[in-house]
1. Look at Gly111 and say whether it is under 20 Å from the mean Cα position of the chain (by Cα), at pLDDT 80 or above and under 16 Å from Leu18 (Cβ atoms).
2. Do any residues in the stretch 5-24 that are over 25 Å from Lys199 (Cβ atoms) and among the hydroxyl-bearing types (Ser, Thr, Tyr) have Cβ atoms under 8 Å from those of residues that are modelled with pLDDT of 90 or more and open to solvent by 20 Å² or more (accessible area, probe 1.4 Å), where the two are at least six apart or on different chains, and which pairs are they?
3. Give me a count of the residues in the stretch 126-168 that are in contact with a helix residue (DSSP H, G or I) (Cβ under 8 Å, 6 or more places away or on another chain) and assigned to a loop (DSSP other than H, G, I, E, B).
4. Among Val167, Val195, Val182, Val158, which is crowded, with 20+ Cβ neighbours inside 10 Å, of a type in the set (Val, Ile, Thr) and touching a residue at least 12 places away in the same chain (Cβ under 8 Å)?
5. Tally up the residues in the stretch 91-110 that are surrounded by 12 or more Cβ atoms within 10 Å (Cβ to Cβ) and part of a helix (DSSP H, G or I), please.
6. Output the residue which, of all residues in the stretch 112-125 that are free of Cβ contacts under 8 Å to residues at least 24 places away in the same chain and not in a helix (DSSP H, G or I), is least open to solvent (accessible area, probe 1.4 Å).
7. Of all residues in the stretch 1-12, how many are among the hydrophobic types (A, V, I, L, M, F, W, C) and surrounded by fewer than 19 Cβ atoms within 10 Å (Cβ to Cβ)?
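The values are calculated or read from the model by the stated rules, or taken from the named source; none is laboratory data. Values in this document were obtained by computation on a predicted structure and should not be read as measured data. Note: ideal-geometry Cβ built from the backbone for every residue, glycine included; neighbour counts use all protein chains shown. When the accessible area is computed, the model is the full protein with side chains, heavy atoms only, and any ligands, DNA or RNA have been set aside. Shrake-Rupley method; radii C 1.70, N 1.55, O 1.52, S 1.80 Å.
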Amino acid sequence: MPKENLILKRRLILQSFLPLYIMLFIKYFDFGIFSLTRYFIYGILKSDWELFQNEFRIDSIWCFLLCLYLFICIVRGVFAVATFVNMQKSGLYDTGEKIKTAESMEESSLGFFITFIIPLLFDDIASFRGILIFAMIMICLFLLMWKTNLYYQNPVLVILGYHIYKVTYKNPITKTNENKEVICIVRGNLDCDHVISRKYISDNVYYVVNKK
């Protein structure tokens, strides 16, 4: 078994929540929060704590911090998408396998979107308590996906034109892996008549291309 590609696994997890971060940023972003946030900065620099007695300003400050956090997450998610595309170009190998059976699993991405993303869009998180709870939820989800292979249900992959398959493959040389089931992430369509090249990610999940 090849060595796990933990960097690629982490980047797949990061990009999984990119739609959530973008939609939350759109939901909470307001240009007015910048002018109100300067009171926060001014109060810290001048030690004028009376500026923080205005509840409206405090709420706006938390909204600004939330948007800043979401912006950082969006940048990391976009970087994860870009680096995932670049990492496909190296480290592929093959031992003559062809696909024996292939079952599409793209509906799992829809289930991921409905289960993990949509519910978080309706919570009000523009407060200290809301941000704290949201951060704890995201940490728990990251750990859950890290300990399992849920990261292959990534909705961003489907949006970018990737397909998810559960496959068994046959090896014309050894026959040792003929009935082994693995999860394959494929860019475009999978041609069972051609030899495949693959890149091991983790947890029985591979990135696969048809060898030219």
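1. no
2. If the second residue must be modelled with pLDDT of 90 or more and open to solvent by 20 Å² or more (accessible area, probe 1.4 Å), the pairs left are Tyr21/Ile74.
3. Qualifying residue count, the stretch 126-168: 4.
4. Among Val167, Val195, Val182, Val158, only Val167 is crowded, with 20+ Cβ neighbours inside 10 Å, of a type in the set (Val, Ile, Thr) and touching a residue at least 12 places away in the same chain (Cβ under 8 Å).
5. Within the stretch 91-110, residues that are surrounded by 12 or more Cβ atoms within 10 Å (Cβ to Cβ) and part of a helix (DSSP H, G or I) number 3.
6. Step by step, filter the stretch 112-125, then rank; the result is Asp123.
7. Result for the stretch 1-12: 3.
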